1. Where the only charges are on Cβ atoms (+1 Lys, Arg; -1 Asp, Glu), what is the dipole of segment 32-383 about its Cα centre, to the nearest 20 debye?
2. Which trypsin sites (Lys or Arg not before Pro) in segment 42-111 sit in a loop by DSSP (not H, G, I, E or B) and have at most 14 other Cβ atoms within 10 Å of their own Cβ?
3. Measure out, as a whole number of angstrom, how far apart the alpha-carbon centroids of segment 340-378 and segment 274-309 sit.
4. How large is the Kirkwood hydrodynamic radius of segment 32-383, in angstrom, based on all distinct alpha carbon pairs?
5. Work out how much length Met171 to Glu60 would gain on full extension: take 0.36 nm times their residue separation and subtract the Cα-Cα distance, in nm to one decimal.
Amino acid sequence: MPFSILAIPTSSNKSIEQVRQAHRAELDAIAHYYRLTNYLSAAQIYLKDNFLLKKPLKPEHLKDWILGHWGTCPGINLIYAHLNCLIQHHDISVFLITAAGHGAPAILANLYLEGSLQILYPELTLNADGLAKLIRDFSCDPRHLYAGTPGTIHAGEKLGYALDVAFSSVMDHPDLIVACIIGDIAEIGALANAWDSYKFIDPAESGAVLPILHLNGHNTSTSTLYGSMNNVELQQRFTGYGYQVRIVGSQDHSQKDLANQNGLDLDADLYDSLDWAYREICRIQQAARSRQPIAQPKFPLLIVRLPPGWTGIKEIAGVPRESSHQVPLKNLKTDSNQLQLLENWLRSYQIEELFDQQDCPIPEILNLCPQGEQRMGCNPHTFGGINPYSKICS
């Protein structure tokens with residue numbers, strides 16, 4: 001197979017404000033997209049009925065067994081939405097590996113919207129019936145990602161091995177990019193050694209890994225090592241590993257709304273940062289494939305700072321709870337105040353704006369999803385190189 005000689009995308013050299021102005025409509029659509037996936041993630045954890053909140057929320061609408069991990073879901077949804085745009089803009093092959101199965105509701109929400117889940121589960125249609133099955137069945141079927149999840153090649157419960165799997169996936173696949181979201185287990189030994197794995201990748205013959213360190217500051221019961229570092233320390237740490245580092249988001253986890261606080265434009269920042277990362281990958285690969293390789297090339301690495309549970313419950317009885325790693329509200333059937341908090345939280349996504357009159361996601365959202373085998377859940381590399389569902393994916 002001849003190796004690709006990639007054209008390097010032209011750098012925009014725009015400020016974040018100019019990125020917003022140039023791509024306002026698309027960035028607004030991205031925000032709508034992850035509003036819906038955030039809602040679907042939370043709904044999978046809590047609801048067994050009243051899935052579109054057309055009635056006031058009652059205890060009988062809630063699951064008897066409330067399981068899942070909310071804290072990492074909003075970050076996964078944000079990154080997934082932006083990766084979808086990158087795929088469409090540059091017509092490229094990308095799939096996603098997440099570092100832990102704890103964000104399974106988020107991955108399932110995205111696979112549902114892009115239609116990849118329908119490959120194996122045709123009943124998960126993009127209407128009220130399919131939505132009900134998606135939400136109701138979570139915690140009945142496996143709660144983590146597994147081999148039966150389209151696009152999944154890494155069982156997330158094996159903490160710390162995602163980056164190793166990502167690097168091995170791009171070997172001898174020159175046109176493939178694997179994005180790897182690394183979260184609250186970044187200091188585990190297996191992962192600490194994996195940061196050097198880019199040194200085994202020949203950019204002339206293999207694809208590239210884009211590590212995305214999702215820093216939300218907390219593990220199950222304590223702060224994380226990298227989440228406790230300031231931006232200078234993080235920059236020095238990963239520059240020392242040999243990466244080009246770009247930090248997206250704020251260092252201040254006390255902010256209530258990162259997307260609108262102090263003029264920070266999180267979507268425009270991430271949009272521009274992913275475009276920068278792709279350009280850097282192309283630059284390194286083009287040099288190697290033109291037989292003028294860059295000595296000790298520095299591949300890009302993104303660090304995305306978000307508070308854990310971003311967009312979720314801010315506090316319970318005066319105690320901050322947005323940092324909840326797992327389930328923020330647990331006594332819903334016996335505590336009417338918590339039930340009201342859950343309803344307010346779910347309604348804060350304003351899902352009535354995100355579905356049409358037939359209870360289907362609006363076209364503005366679905367148009368952000370790549371088509372066919374470019375969907376991350378349909379990428380042929382996740383099916384051993386040949387997609388056995390190609391007729392369904394087309």
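1. Working: 26 positive and 37 negative charges, 100 e Å.
Dipole of segment 32-383, to the nearest 20 debye: 480 debye.
2. Working: sites: Lys48, Lys54, Lys63; in loops: Lys48, Lys54, Lys63.
Counting only loop positions with at most 14 other Cβ atoms within 10 Å, the trypsin sites (Lys or Arg not before Pro) in segment 42-111 are Lys54.
3. 31
4. On the way: mean 1/r = 0.0484 Å⁻¹.
One over the average 1/r among Cα pairs gives 20.6 Å for segment 32-383.
5. Stretched out fully, the Met171 to Glu60 stretch lengthens by 34.9 nm.
Read-outs: derived from the displayed coordinates by stated rules, not from any lab. Note that this is a predicted model, so its numbers are computed, not measured. Every residue, glycine as well, gets a Cβ built from its backbone with ideal geometry; the counts of neighbours run over all protein chains shown.
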